[in-house]
Amino acid sequence: MRRAKYLLVSAFDVASVAVMVGGAWLALAEPAAAYVDPSVMTYTIQALAGVAVALSAVLGVVWRRARRWLLRALRIDENAGKVVEGDVSLISGDDAQRRGQLSKADDAARDERSRQGVEQPQRLPWGARFVLALLASVTLCFMTIVSAPLEIVASNASNLSFSPANVWLPLVATAVLASLVLAFAISAARGRAFDVLLAVVVGLALAQLVQALLLNGGLPAADGQPVAWDDYTKITLGSAAAWLAIIAASVVLAVRKPSASKGVSVVTSFLLVLTSAVSLGATVAAHAHDGGELAVTEDGLMDVSDKSNVIVFVLDTFDTSHLNEVLASDPDALSEMGGFTYFTNSMASMIPTRYAIPYLVTGHMFDPFESEFTRPQIHSWFEESNLIDTAVSRGYSVGIYADPITEGMDKLSGQTVNVHKLENLATDPVDTVKVLVKCALYRNLPWGLKSSFRFYTDDLNREVVSKTISTPSSTPYVIDDPSYYKKLTGTKLSIDDSGATGSYRFIHLNGSHSPYVMNENAEAVPEGESSLAQQNVGSIKIVSEYIRQLKDLGVYDQSTILITADHGNWWSAENTPDATSPILLVKPAGADSSKPAQASDVPTGHLDLAATLTESFGAQSDDPTVFEVGEEPRTRYFYWTDHSEADKIDHWIREWAVNGNALDFSTWRYTGRFWPANTGY
């Protein structure tokens, strides 16, 4: 009954505050622009301040009197339970009497401290401590090792070679083991040390939830681009303050109210596990069909034909300026590329990779006559007649080794040798746990620690998929240049005549894209131990090795080889581009391979690649190939994507016209035309 009375008084207090705040809120008016003379404004402010003070005083008096009336009606003594200092008494008598008086005073003081909320540490048996510690440990480990990694995998299934079903077991096993170890460690402590450790573990779990839900706005995407962490100082400080506040509150409660702290820890743990489990289930269900059952495998990756070959290398982000720098330091860098033409004035058409790769694969691109740019449009590029259809109709065996081509998987599965259902995907359990927990910590930890756990999407594919798989049909194609070079020099190219006419291979590599984890010898090195220049040289080395093996097989002369990039330099966070030009080197079948690579500055680029490939397949095109473009001036259009790092959304497609050399930004002109990018990226 007494508790009910106090709850009623508390409800009255809350209701009073709500009424006051609500009244103040309703009193707010819509802002209006007006000119007010400064002298008049001074008196107006004073008058409004006086009204506010008077009104608040009246409301305060009304609330206090109403509360006092309620307390009298409920017969509640406000002063009950308050500490009143006792009378001072003289300690007298013999030693035994004085000791007794002091003992009684100590007991009274101890009881008073307890009544005031300063509890003594509880001495729980080990079994009880272990159960509490296990609950807290399971909560922290479930959120860090299971829930967060699986949410990340599920929500990015379309960009990964695996799904939650492939990785949940090692994550759960690791979480169970970590929970037991942590629980044993915590339960070994006693008294106040145990209370504090228990509270800290639960506080860490709660802080992770707060971080993920409220404090990750503007978190840089996992695209491999360098991050200027100094630009995030404000959110870093705010994140640190939130974490310190949560941990400090947990520790203070554990010290002052051990019993209440344990109860709060139990309830919080249950709620956190429930919340994380529901969030995980919802995420998995929402993205259940994103990845699908089809995968881009390595089937046919090392196969070429002794009849005819059309081979396209796409070296991600490799700019013409990059290749010029390579040639400046090593004029013989293209020595293997006899019969090639190096087009030094090359233009891309779309940026970034998620739009450029589907365009290069299909030959279709954004239609400027549409009112917006959408994902169904990208899907239509694969469904409509395209370059793959042409290659298949001309009798070519087709292999597309690229990312991302999610929108075209269904169509490509019936046209290519390598896009099909992946059977028995084998994963590396240890590396799986390491890389996925790293992703989880990047998401869940405060901003000050995020840089240590930065990752790139390709890291996930590279680390999770087992390195011991030897069957190409069971191996997802992962963009990993050093690994590809190792396969190329180890397995080597071989002849396969499954195509009636020949083979068409489209191979997307990392090229110049950061992070720089490959040296000039195409060897894998830790991030920070290579550079853009070294990675560029390594990329050319990979392509040169492929060409060398074509020559060894005697099929170089009858091969059309095209080396380009999906785009050149670009910066996703900037809405105004700088000059960007993807490399473009082409050797047609039958070219004189004894002639060294020749340079040409004709205005060409990706807009002429579809026609070039069409005629390489033996079909006819109404558009000019790269070899049919003249030197006369030509307007080329480039569709730039405005991407916001704050909300990680592509907002606009903007049109730029280039009327000169692509590397000279003074020849670039923004046409003023733009379209909404409603693609969901």
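The table for this structure:
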item: Test result for Ala295, assigned to a strand (DSSP E or B) and of a type in the set (Gly, Ala, Ser); result: yes
item: Some residue of region 398-408 being under 23 Å from Ala154 (Cα atoms), among the aromatic types (Phe, Trp, Tyr) and at pLDDT 95 or above; result: yes
item: Pair list, Cβ < 8 Å and 6+ apart or interchain, from region 584-612 residues that are closer than 18 Å to Ala565 by Cα to residues that are among the basic types (Lys, Arg); result: Pro603/Arg634; Pro603/Arg636; Gly605/Arg636; Leu607/Arg636
item: Condition broken by Val465, with the remaining ones in (1) among the β-branched types (Val, Ile, Thr); (2) crowded, with 19+ Cβ neighbours inside 10 Å; (3) over 25 Å from Leu412 (Cα atoms); (4) not assigned by TED's automatic domain parsing to the domain that holds Arg548 satisfied; result: (3)
item: Strands (runs of 3 or more DSSP E) wholly inside region 560-665 that include at least 3 residues being surrounded by fewer than 19 Cβ atoms within 10 Å (Cβ to Cβ); result: 598-600, 636-644, 649-658
item: Meets criteria (touching a helix residue (DSSP H, G or I) at 6+ places or on another chain (Cβ under 6 Å), outside any loop (DSSP other than H, G, I, E, B), under 24 Å from Phe318 (Cβ atoms) and among the aromatic types (Phe, Trp, Tyr)) for Tyr516; result: no
item: Residues of region 510-532 that turn out to be among the aliphatic types (A, V, I, L, M) and free of Cβ contacts under 8 Å to residues at least 12 places away in the same chain, as a count; result: 1
item: From the options Ala611, Ala657, Ala619, residue that is at pLDDT 95 or above and within 36 Å of the chain's Cα centre (by Cα); result: Ala657
item: Total residues in region 509-520, condition modelled with pLDDT of 95 or more and either closer than 27 Å to Gly554 by Cβ or of a type in the set (A, V, I, L, M, F, W, C) (or both); result: 2
item: Candidates Leu323, Leu315, Leu327, filtered to the one that is assigned by TED's automatic domain parsing to the domain that holds Ala533 and over 28 Å from Val478 (Cα atoms); result: Leu327
item: Sole exception among (1) in contact (Cβ under 8 Å) with a residue 60 or more places away in the chain; (2) assigned by TED's automatic domain parsing to the domain that holds Asp389 for Gly490, by number; result: (1)
item: Search result, residues across region 332-346 that are part of a loop (DSSP other than H, G, I, E, B) and either at pLDDT below 95 or over 10 Å from Ala591 (Cα atoms) (or both); result: Asp332, Ala333, Leu334, Ser335, Glu336, Met337, Thr344, Asn345
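The values are calculated or read from the model by the stated rules, or taken from the named source; none is laboratory data. Everything quoted here is computed from the prediction, not taken from an experiment. We place every Cβ from the backbone using ideal geometry, glycine too, and count neighbours over all the protein chains shown.
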